[in-house]
Amino acid sequence: MATTTSTTGSTLLQPLSNAVQLPIDQVNFVVCQLFALLAAVWFRIYLHSSKTSSFIRHVVATLLGLYLSLFCFGWYALHFLVQSGISYYIMIIIGVENMHKYCFVFALGYLTVCQITRVYIFDYGQYSADFSGPMMIITQKITSLAYEIHDGMFRKEEELTPSQRGLAVRRMPSLLEYLSYNCNFMGILAGPLCSYKDYITFIEGRSYQLTQSEANGKEEIQYEKTEPSPNVAVLQKLLVCGLSLLFHLTVSKSLPVEYNIDDHFQATASLPTKVIYLYVSLMAARPKYYFAWTLADAINNAAGFGFKGYDKNGQECWDLISNLRIQQIEFSTSFKMFLDNWNIQTALWLKRVCYERASFSPTIQTFILSAIWHGVYPGYYLTFLTGMVMTLAARTMRNNIRHYFIEPPEVKLFYDVITWMATQVAISYTVVPFVLLSIKPSILFFSSWYYCLHITGILVVILLPGKKTNRGKKIQQEDHLSQSKKVEEEQSLLGQNSYLATNNIRSQQKKVTPRYSALKQ
């Protein structure tokens, strides 16, 4: 039976859509991303920064991005230009003192209006590619850049954190630079988010400079004798894409999340069966994200964007803007570890524009912003409200009991196995509404579990002390020092300039001094 869905984008690939039994919007998205991959290789070879000007690279990247948008979304792609254009106008007329606030409110408000229109007027519950997806990335870029300009052109140097200082933008971008950053073909359809300084450095061909600090405190700029090739990294990521897509098309469809609320299943399944199916069904729902985000990362790498430096073994690292770490996700032993490795660039955006700047309850504010940014489906809000409880409970549990299981190694292994099981069940329980979308099936699922994890999480937060015990503090300090030493060793081997350094700051390392903080930014 042929798959027929309406689309505002091109219908040129409708025969292919019918043949593979997938919605035309999804087929358009995948084909456009594969075209972008080929275009990225051409861009790196024939429009290399050594062969052409930054102006030409900006123009071509922007025009290709707009063409892909028109092919996928038709006239809806005009929203990308309208949102970017008005935000740029706000930046110009408001001034650097308050433009970040106005840009934030406008960009997030415009995105929300578009999401409400799409969800409640057009296609409620459709998970096909939609124009609000790219707008979510553009909203991140608009707000990030507004804050970076505010930090670089208004705030005093001593007021900035090391990461803010490294990302600060010291001049207003031109309209072409702004549109190129927001709408380039490498990231227009699926991102990922990157900092403005990283993108401009890539376009201008300064990605492979090495900045080293001499003994007298001066900076010495060195260049790679041979520009690192992304070919191996791209092929590895394409292999991950292929396996993820294969898993999604075969296994995932046979393990629907909706079966968790099936009446017969609820009535006949034992508790262990319910727990196992919950975990397996939610694990099977992740490969489509692995496919989309890894392909997006490969496209940027193929264009020459994403090089971070070298690891301790001298191997090239092409994960500057990577959006996930699959192994760490699947083997997470804490809620924080999962969140730190899932949708990494969005987590960094939330940290930079909300968590670090919140005057009170940063965790709560961050979860609320994340829910609003994701969309207007009730399931999103149920997921993030639940996630807020799970995060606070997991943090409290870890602070109170982890130090009892640090050693010997056998005890630590036992602790890791138990926390892995608890984390995977808690994550699965939390994100069910995110997949179900509507409030009625989500409440049905939670009630079938008697809200057990909600109640447990709330009791943990209320009954256990929120402060660390003395032994817990000592263990954490030792872990922190060990992590700091490891990070410093890796950073000295990478030998990158501050542009590259700022992007190696992860949320789990927010208290670790970033590399080259002593260098002039």
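The values are calculated or read from the model by the stated rules, or taken from the named source; none is laboratory data. Please read all numbers here as calculations on a predicted model, not as lab measurements. Glycine gets a Cβ as well: all are built from the backbone with ideal geometry, and neighbour counts include every protein chain shown. Accessible surface is based on the protein model in full, side chains and every heavy atom, while ligands, DNA and RNA are left aside. Shrake-Rupley method; radii C 1.70, N 1.55, O 1.52, S 1.80 Å.
Structural remarks
- Each residue in region 417-465 was checked for being more than 21 Å from PRO378 (Cβ to Cβ) and either charged (D, E, K, R) or outside any helix (DSSP H, G or I) (or both), and 2 pass.
- Region 395-419 residues that are hydrophobic (A, V, I, L, M, F, W, C), paired with ones that are not in a helix (DSSP H, G or I) (beta carbon under 9 Å, 6 or more apart): MET397/LEU464; ILE401/LEU464; VAL417/THR333; ILE418/THR333
- Tally, over region 23-32, of residues that are modelled with pLDDT of 95 or more and open to solvent by less than 20 Å² (accessible area, probe 1.4 Å): 1
- Of GLY309, GLY314, all but one fail to be at pLDDT below 95 and open to solvent by less than 20 Å² (accessible area, probe 1.4 Å); the exception is GLY309.
- Only a single criterion out of (1) more than 24 Å from the chain's Cα centre (by Cα); (2) of a type outside the set (Gly, Ala, Ser); (3) more than 21 Å from TYR199 (Cβ to Cβ); (4) open to solvent by less than 70 Å² (accessible area, probe 1.4 Å) is not satisfied by TRP75, namely (4).
- Members of region 115-125 found to be open to solvent by less than 90 Å² (accessible area, probe 1.4 Å) and either at pLDDT below 85 or closer than 13 Å to THR7 by Cα (or both), listed by number: ARG118, VAL119, ASP123, GLY125
- With respect to being out of contact with any His (no Cβ under 8 Å at 6 or more places or on another chain) and closer than 28 Å to THR346 by Cα, VAL240 fits the description.
- Filter pass, PHE35 being under 29 Å from GLY152 (Cα atoms), at pLDDT 95 or above and open to solvent by 40 Å² or more (accessible area, probe 1.4 Å): no
- For ILE45, the requirement of being without any contact (Cβ under 8 Å) to a residue 12 or more places away in the chain, within 26 Å of PHE202 (Cα to Cα) and open to solvent by 20 Å² or more (accessible area, probe 1.4 Å) is met.
- For region 206-227, the count of residues that are outside any helix (DSSP H, G or I) and modelled with pLDDT of 90 or more is zero.
- Residue count, region 131-146 (criterion: open to solvent by 10 Å² or more (accessible area, probe 1.4 Å) and either touching a residue at least 60 places away in the same chain (Cβ under 8 Å) or in contact with a helix residue (DSSP H, G or I) (Cβ under 8 Å, 6 or more places away or on another chain) (or both)): 3
- Pairing each residue of region 148-166 that is under 21 Å from CYS103 (Cα atoms) and modelled with pLDDT of 95 or more with any residue that is hydrophobic (A, V, I, L, M, F, W, C) and not in a loop (DSSP other than H, G, I, E, B), provided the two are 6+ apart or on different chains, yields C-beta distances under 6 Å for GLU148/LEU167.
- With respect to the conditions (1) under 21 Å from GLN327 (Cβ atoms); (2) without any contact (Cβ under 8 Å) to a residue 12 or more places away in the chain; (3) in contact with a helix residue (DSSP H, G or I) (Cβ under 6 Å, 6 or more places away or on another chain), SER428 lacks only one, and its number is (2).
- Among residues of region 373-393, those that are among the β-branched types (Val, Ile, Thr), open to solvent by less than 30 Å² (accessible area, probe 1.4 Å) and in a helix (DSSP H, G or I), counted: 3
- Within region 158-178, being assigned to a loop (DSSP other than H, G, I, E, B) and among the polar types (S, T, N, Q) holds for THR161, SER174.
- Residue that is surrounded by the fewest Cβ atoms within 10 Å (Cβ to Cβ) [pool: residues in region 53-63 that are in contact (Cβ under 8 Å) with a residue 60 or more places away in the chain and either farther than 22 Å from CYS32 by Cα or touching a helix residue (DSSP H, G or I) at 6+ places or on another chain (Cβ under 6 Å) (or both)]: PHE55
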